[in-house]
Number of protein chains: 2
Amino acid sequence: MHNPDSTNPMNTENFAATRAEQSDSVENISATKAEISQPASDAEHVQQSPLIRLRIDLAYNGMNFNGWAVQPKLRTVQGEIEKVLRRILHDRTAQEQPTIRLTVAGRTDAGVHASHQVCHLDVTQAMLDGCVGHMHVDAVKALELRLSRMVPNDIAIHRVSIAPEGFDARFSALERTYVYRIADAQSTYDPRQLSYVWHIDDELDIDAMNKAAALTIGLHDFGSFATPNPGGTTIREVKTAYWRRVPMRPLIDDPMGEQYRTPAIESGLLCFTIVADAFARNMVRSLVNGCVQVGRGKRSVDWFAQKMQVPLREGSTGPIAPEGLTLEHVAYPPNDQLASRAEAIRAVRTLD
Amino acid sequence: MHNPDSTNPMNTENFAATRAEQSDSVENISATKAEISQPASDAEHVQQSPLIRLRIDLAYNGMNFNGWAVQPKLRTVQGEIEKVLRRILHDRTAQEQPTIRLTVAGRTDAGVHASHQVCHLDVTQAMLDGCVGHMHVDAVKALELRLSRMVPNDIAIHRVSIAPEGFDARFSALERTYVYRIADAQSTYDPRQLSYVWHIDDELDIDAMNKAAALTIGLHDFGSFATPNPGGTTIREVKTAYWRRVPMRPLIDDPMGEQYRTPAIESGLLCFTIVADAFARNMVRSLVNGCVQVGRGKRSVDWFAQKMQVPLREGSTGPIAPEGLTLEHVAYPPNDQLASRAEAIRAVRTLD
C-alpha cells in the first residue's frame with residue numbers, strides 16, 4: 001500500500017538515482033548566489049537587454065507526468081511547458097536564444113497533481129513582442145493564449161502576467177497548501193477519480209489520525225518524514241494539518257424537483273489538508289503515510305510522536321502513493337514584501 | 001467541438017459500422033420473447049437447475065472503454081466484467097457452463113461514465129456455491145468480494161445482491177438520471193477532471209440553454225436528437241432537464257483556521273441534469289449538443305423548438321463529446337411492481 005523510502009540520503013549515488021521517485025514537493029532553499037542573480041541568461045546578455053519576469057499560474061493532472069522537474073527523456077510538466085515556450089518565444093528571436101527556464105513554487109513528484117501551481121520565467125521584450133503575430137492583444141496576453149492552446153490537455157494555463165517587482169515564484173512564497181484525498185471503506189469509490197484519489201478498503205480511525213496530524217503543527221525538524229536537499233534542512237513550519245471527511249452534499253443546490261439528487265463527486269472522501277511555509281522532499285506523502293498507519297491501527301499515536309521528537313529517516317516513514325496528492329495553493333505576501341521575503345528565505349533554515 | 005452525426009439511420013451498413021460510436025445510452029425496448037424467457041441459458045438447462053438472478057451495482061470511468069456493450073477485440077465494460085465472472089463462476093462448475101451474460105440498465109457509449117450503473121446476471125446455485133472457496137462469507141458476498149478484487153481499477157463493484165422477484169435491470173427501471181459536465185469560459189478548468197468534464201473556451205448563455213432544455217420536458221418523439229433501434233421508437237418521457245452552474249464552495253465545511261480554503265473540485269462547472277423514463281440511442285449527447293449550440297448563439301431557441309416539433313435526424317443535431325457524460329442513477333419501483341413494470345416496458349412505445 002505504500003512505497004517505503006529506505007534510501008540513505010547520505011549515499012549520493014542512490015540519492016541521485018531515486019531522486020525523481022522520492023521528491024513529492026521540494027523547495028530548494030540553498031540556491032547559490034550565481035543562480036539567483038542570473039536566473040535565465042548569461043551575465044553579458046542581461047546587460048544587453050533587461051529581462052522581464054513573467055508569473056505563470058497553472059494546473060495539471062500529474063498522472064501521466066514524471067513529476068514537475070525536467071528529466072532527460074521523461075515526460076515532465078516543466079519539460080512540456082518549456083518545449084512549448086521555446087517554440088513560441090524562440091522562433092521569433094533566433095539571434096537572442098536565451099535559455100527558457102521555469103522556476104516553480106512547489107516541485108511535485110511523479111503522479112502528484114496541482115490545481116494551482118505558480119512558476120516564473122524571465123524573457124526579453126523582443127521575445128515577448130515576437131509572440132503577438134497577427135493577434136489583436138498585448139504581448140503578455142498573446143503569450144498566454146498561445147501557451148494555453150499549445151500545451152497538452154493535462155496542463156491548464158490559467159494566467160500569464162508581468163510579475164511584480166521582487167517576485168520569485170519559489171522564494172517569495174509565504175505558504176503552500178496540499179490536500180491528500182482518500183476513498184476508504186466508508187467512501188463509495190468513484191473510478192472517475194482514479195487519477196487523483198487514493199483508494200483503500202480499510203476502515204480508518206480519523207480521531208487517531210487527527211491526533212497524529214496535530215503533532216506536526218509548529219516549527220519542527222521533519223527529519224523522520226522528509227529527505228533534506230544537499231546542504232538543506234528538514235526544518236519547516238506547519239501552520240495547519242488535519243483530516244476531515246467531505247460531507248455528503250448534492251452537486252446542484254437548487255434542483256428542479258427530481259427525486260434523485262446527484263451527489264458532488266467528492267462526497268464522503270477523507271481529506272488531509274496541510275499548510276506550511278514550505279515542504280521538504282517527501283514530506284507531505286510521508287506524513288500522510290504515518291497518519292494512515294496510525295489510522296489503520298498498525299502504529300500508535302505515540303509512535304508518531306516519537307518520530308516527530310527524534311528526526312530519523314527510516315523505512316516505516318516513507319512516502320504514500322502519489323495519486324492522492326494535490327498542490328492546491330501557493331500564497332504570496334503583499335507586493336511590497338516580495339523582495340524581502342525572497343531574501344529571507346534564501347538563507348538555509350536552521351533551528352537557531 | 002462536436003462530432004456531428006450525419007449517418008442515415010436507414011442505411012443498415014453505415015448503421016452497423018458506426019454503432020459503437022453513436023450509442024450513448026440505449027434501452028432496447030424491442031427484445032424478442034425468446035430473449036426474455038431464456039435470459040442466460042438454453043431451455044433444457046433451465047429445467048435442470050433453476051436460475052438465481054443477481055443484481056450488480058457498479059461504477060466505471062469510461063475513458064479507456066469502448067462503451068458498455070461487448071464488442072469483439074475491443075475493451076468494453078461488459079466484456080471486462082464478464083471475463084472476470086467466467087473465471088470466478090466457471091472454473092468451479094465446468095460441467096454446467098451456462099453462458100455468463102449481463103443485462104444492463106443503461107448502455108453507455110465509448111468514453112461515457114457511470115457513477116451508478118445497474119445490471120443483472122442469472123446463475124445457478126452450484127455456480128454461486130463454487131465462489132465461496134475458503135472464504136467465511138455467504139456465496140453472494142464471496143462473489144462480490146472476488147469480483148471487486150479482480151476487475152480492473154477503472155471499474156468499481158459496489159454491491160452484488162440477490163435480485164427481488166420480477167427484477168430486470170433494463171425493463172424494470174422507472175427512470176435514469178444523466179449529468180453532463182462542462183468547463184466553459186466562466187469555469188477554471190482543472191485537468192484532474194480531464195476524463196469526465198468537457199472543456200470549451202466559449203461563453204455560454206445559460207438562460208437560452210435552459211429555455212431549450214425546458215422544451216424537452218414531457219412525452220415527445222426525440223427523432224431529431226436520437227436514432228431509433230431497429231423496430232424501436234425515439235419516443236421518451238423526459239421528467240426533468242435543466243442547466244445549472246455548480247456553486248463555488250469549499251471542499252471542507254469546518255476548516256482549522258487556514259486562510260486559503262480549497263474549493264470543491266466541481267465548483268463553477270456548468271452541469272446539465274436530465275431525468276427520463278429511458279433514453280434512445282444518442283439522445284442525451286445530442287440534446288446537450290443542441291443546447292450548447294443555442295448557448296453559443298450559433299442557433300436560436302426557435303431552432304431547437306423546431307427540432308422538437310419535427311422529429312428529423314440530420315447533421316446539426318448529432319452527439320457532443322462523450323467525456324462530459326455520466327449515468328448517475330437508475331430508479332426502480334417498489335419490489336411488488338418490478339414484474340408489472342418490466343412487462344409494460346417490454347412493449348414498443350408508440351404515440352397512441
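The values are calculated or read from the model by the stated rules, or taken from the named source; none is laboratory data. These numbers were taken from a predicted model, which means no experiment stands behind them. Neighbour counts run over all protein chains shown; Cβ positions are idealised from the backbone, glycine included.
Does residue A:307 satisfy the criteria of being over 16 Å from the mean Cα position of the chain (by Cα), farther than 30 Å from residue B:179 by Cα and crowded, with 17+ Cβ neighbours inside 10 Å?
yes
Among the numbered criteria (1) modelled with pLDDT of 95 or more; (2) within 14 Å of chain A (Cβ to nearest Cβ); (3) within 30 Å of residue B:289 (Cα to Cα), which single criterion is violated by residue B:119?
(2)
How many residues, within the stretch B:122-169, are under 19 Å from residue B:49 (Cβ atoms) and either touching a residue at least 40 places away in the same chain (Cβ under 8 Å) or of a type in the set (S, T, N, Q) (or both)?
13
Among all residue pairs at least 6 apart or on different chains, which show Cβ distances below 6 Å where the first residue, located in the stretch A:282-311, is over 25 Å from residue A:326 (Cβ atoms) and the second is among the basic types (Lys, Arg) and in a helix (DSSP H, G or I)?
A:301/A:211
If I filter the stretch A:217-230 for residues that are polar (S, T, N, Q), within 14 Å of chain B (Cβ to nearest Cβ), outside any helix (DSSP H, G or I) and out of contact with any Leu (no Cβ under 6 Å at 6 or more places or on another chain), do I get at least one hit? Show your work before the answer.
Step one: filter the stretch A:217-230 for residues polar (S, T, N, Q), giving A:224, A:227, A:229.
Narrowing further to those that are within 14 Å of chain B (Cβ to nearest Cβ): none.
No; the residues of the stretch A:217-230 include none that is polar (S, T, N, Q), within 14 Å of chain B (Cβ to nearest Cβ), outside any helix (DSSP H, G or I) and out of contact with any Leu (no Cβ under 6 Å at 6 or more places or on another chain).
Identify, please: which residue in the stretch A:138-187 is within 22 Å of the chain's Cα centre (by Cα) and β-branched (Val, Ile, Thr) and is, among those, nearest to residue A:61 (Cα to Cα)?
Within the stretch A:138-187, the subset within 22 Å of the chain's Cα centre (by Cα) is A:144, A:147-148, A:151-164, A:166-183.
Adding the requirement that they be β-branched (Val, Ile, Thr) leaves A:151, A:155, A:157, A:160, A:162, A:177, A:179, A:182.
Values: A:151: 13, A:155: 7, A:157: 12, A:160: 19, A:162: 25, A:177: 17, A:179: 14, A:182: 17 Å.
Out of the qualifying residues, it is A:155.
Are there any pairs, at least 6 apart or on different chains, whose C-beta atoms fall under 8 Å, with the first in the stretch A:42-67 and modelled with pLDDT of 95 or more and the second basic (Lys, Arg) and part of a loop (DSSP other than H, G, I, E, B), and if so, which?
A:64/A:75; A:65/A:75; A:66/A:75
Working carefully through the options A:295, A:324, find the one that is buried (at least 18 other Cβ atoms within 10 Å of the Cβ) and more than 14 Å from every other protein chain (Cβ to nearest Cβ).
A:295
Counting only residues that are facing chain B (nearest Cβ under 7 Å) and at pLDDT 95 or above, which one in the stretch A:253-278 is surrounded by the most Cβ atoms within 10 Å (Cβ to Cβ)?
Out of the qualifying residues, it is A:275.
Go through (1) among the β-branched types (Val, Ile, Thr); (2) at pLDDT 95 or above; (3) crowded, with 20+ Cβ neighbours inside 10 Å for residue B:217 and report which single condition fails.
(3)
Which one is surrounded by the most Cβ atoms within 10 Å (Cβ to Cβ) among residues in the stretch B:151-166 that are more than 14 Å from chain A (Cβ to nearest Cβ) and not in a strand (DSSP E or B)?
B:163
Go through the stretch A:231-248 and give me each residue that's at the interface with chain B (Cβ under 8 Å from one of its Cβ atoms) and assigned to a loop (DSSP other than H, G, I, E, B).
A:246, A:247
Does the stretch B:130-142 contain at least one residue that is within 14 Å of chain A (Cβ to nearest Cβ) and crowded, with 20+ Cβ neighbours inside 10 Å?
No; the residues of the stretch B:130-142 include none that is within 14 Å of chain A (Cβ to nearest Cβ) and crowded, with 20+ Cβ neighbours inside 10 Å.
If only one of B:108, B:103, B:18 is modelled with pLDDT under 50 and within 23 Å of residue B:234 (Cβ to Cβ), which one is it?
Numbers: B:108 fails: modelled with pLDDT under 50; B:103 fails: modelled with pLDDT under 50.
Checking each option against the conditions leaves just B:18.
Quick one: in the stretch B:189-216, which of the residues that are among the β-branched types (Val, Ile, Thr) and part of a loop (DSSP other than H, G, I, E, B) is farthest from residue A:64 (Cα to Cα)? Even if it seems obvious, please write down each step before you answer.
So in the stretch B:189-216, the residues among the β-branched types (Val, Ile, Thr) come out as B:197, B:200, B:206, B:216.
Applying the additional criterion that residues be part of a loop (DSSP other than H, G, I, E, B) yields B:197, B:200, B:216.
On the way: B:197: 18, B:200: 22, B:216: 40 Å.
Taking the candidates together, the pick is B:216.
In the stretch A:327-349, which residues are surrounded by fewer than 19 Cβ atoms within 10 Å (Cβ to Cβ) and not basic (Lys, Arg)?
A:331, A:333, A:334, A:335, A:336, A:337, A:339, A:340, A:343, A:344, A:347, A:348
Of the residues in the stretch A:120-129, how many are buried (at least 23 other Cβ atoms within 10 Å of the Cβ) and assigned to a strand (DSSP E or B)?
Count: 2.
Yes or no: residue A:300 more than 14 Å from chain B (Cβ to nearest Cβ) and surrounded by fewer than 18 Cβ atoms within 10 Å (Cβ to Cβ)?
Values: more than 14 Å from chain B (Cβ to nearest Cβ): yes; surrounded by fewer than 18 Cβ atoms within 10 Å (Cβ to Cβ): yes.
For residue A:300, the condition - more than 14 Å from chain B (Cβ to nearest Cβ) and surrounded by fewer than 18 Cβ atoms within 10 Å (Cβ to Cβ) - is met.
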